[in-house]
Amino acid sequence: MSSEVNPLMSKLLPEQLSRYERDGFLVLEDFVTAEACDRLRERAQKLVAAFDPSEVRSIFSTHEQTRTSDDYFLGSGDKIRFFFEEEAFDEKGGLRQAKEHSINKIGHALHDLDEVFAEFSRTPDLAALASDLGYARPVLIQSMYIFKQPNIGGEVTCHQDATFLYTEPLSVTGLWFALEDASLENGCLWAIPGGHRLGLKKRFVRAKDGGTRFEVLDESAWPLDQLVPLEVKKGALIILHGLLPHMSRTNRSPRSRHAYTLHLIESGCEYPATNWLQRSPKLPLRSFEF
Ligand code: FE2
């Protein structure tokens, strides 16, 4: 990362940067407008409406990663694909409720392939923020639209984003946008303040014989008693250090908790071919040019 002079207006105060360095996360309330949130929600709704669930039944679950290790998942790095909630299906494999209330997330190249998402993902504000965070040539490696559906929204177990988006040296940062209020009730984020200093625990890699596996680097358990909830209002941005342990619990409430995430890496860093997420050279990684 570079200390080049920032040509853009700074988005973060020195006090905010030092809190980010201390905690490994930073909450910025009102980073995006309610209208921008609604545009993404409407667009996601349209994408789901156009999706035929009979094409695929890829379920997203961090409990059983092997179930997600199918071609549909592994090929999603440069596509727009749909992943169901684990509890979406009944014993016979039918959807328990409407399609639009069954999808866990859409991933992983919305920011490159859909113009509404591209517009949200590439703004001068985000370019300035990346520069404040120390990026010289940031590129957007991944985007996800997360539904956290009412009643069946699944848990995402404690993890570090660098497990899934590993570079050498480590460079990933997560940007988590609340498109609706996120509270204890509907499954807000939780994080371990300062946990980004505990080191990387594992990598999620492509296995030689197909599928994926976790490569364990450190078997110690997370200090889960140190988790704190990050309740935020619609429009907030939470910046997540790539090594920060974070999670979210199930949503058993009648309210959804939609969020959009973007992940940045530094383009000068090595991106291993063993990383689960790969992209075709036909869709090169891009920065924040707008
Ligand atoms: Fe994450």
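Quick notes
- Computed [θ] at 222 nm, deg cm²/dmol, the chain (DSSP H ≥ 4; -39,500 (n - 2.57); rounded to nearest 500): -5000 deg cm²/dmol
- Sequence-distant residues sharing a close amide H with Ala136 (under 5 Å, placed H): Ser2
- Under a model in which nothing but the beta-carbon of Lys, Arg (+1) and Asp, Glu (-1) is charged, the chain shows a dipole of about 340 debye around its Cα centre.
- For a modelled paramagnetic label at Thr250, 7 Å from Cα along Cα-to-Cβ, the residues of the range 149-168 in reach, with backbone nitrogen under 17 Å, are 149-158.
- Acute angle (nearest 10 degrees) that the helix 34-50 long axis makes with the longest principal axis of the chain, alpha-carbon atoms: 40
- Distance between the 7 Å Cα→Cβ label points at Gln226 and Lys92: 5.0 nm.
- In straight-distance terms, cross-link reach from Lys99 covers every one of the lysines whose alpha-carbon lies under 18 Å from its own, apart from those fewer than eight places away in the same chain; here that gives Lys46, Lys148.
- Toward the positive end of the charge dipole of the chain, with +1 on the Cβ of Lys and Arg and -1 on the Cβ of Asp and Glu, the farthest Cα among Thr261, Leu237, Phe51 is that of Phe51.
- A Cβ-based charge dipole, computed about the Cα centre of the range 71-212 with Lys and Arg at +1 and Asp and Glu at -1, lands at about 620 debye.
- Rounded to the nearest whole Hz, the Karplus-based 3J(HN,Hα) values (6.51 cos²θ - 1.76 cosθ + 1.60, θ = phi - 60°) of the range 221-234 follow the sequence 7, 5, x, 5, 5, 9, 4, 10, x, 10, 7, 9, 8, 3, with x at glycine and proline.
- Full extension of the chain between Glu168 and Leu283 yields a length gain of 39.2 nm, computed as 0.36 nm times the residue separation minus the alpha carbon distance.
- Amide H to amide H distances under 5 Å link Trp276 with Arg206, where only residues 5 or more positions off or on other chains count and H is placed in the peptide plane.
- Note on the chain: with a GNM built from Cα contacts shorter than 10 Å, the maximum mean-square fluctuation among Thr261, Thr33, Thr163 falls on Thr33.
- Principal-axis tilt of helix 14-23 within the chain, Cα atoms, nearest 10 degrees: 50
- Potential extension, Glu115-Asn151 segment - 0.36 nm per residue separation minus Cα distance: 9.9 nm
- Among Leu224, Gln142, Gly195 the positive-end extreme of the charge dipole of the chain (Cβ point charges): Gln142
- Backbone HN-Hα couplings from phi across the range 235-243 [Karplus 6.51/-1.76/1.60, Hz, Gly and Pro as x]: x, 7, 10, 10, 8, 10, 4, x, 9
- Computed from the C-beta positions of Glu219 and Thr274 and an R0 of 22 Å, the FRET efficiency is 0.65 to the nearest 0.05.
Here, each number is a calculation from the coordinates, and none is a lab measurement. If you're wondering where the values come from, they're calculated on a predicted model, not measured in any experiment. Cβ: placed from backbone, ideal geometry, glycine included. Neighbour counts: every protein chain shown.
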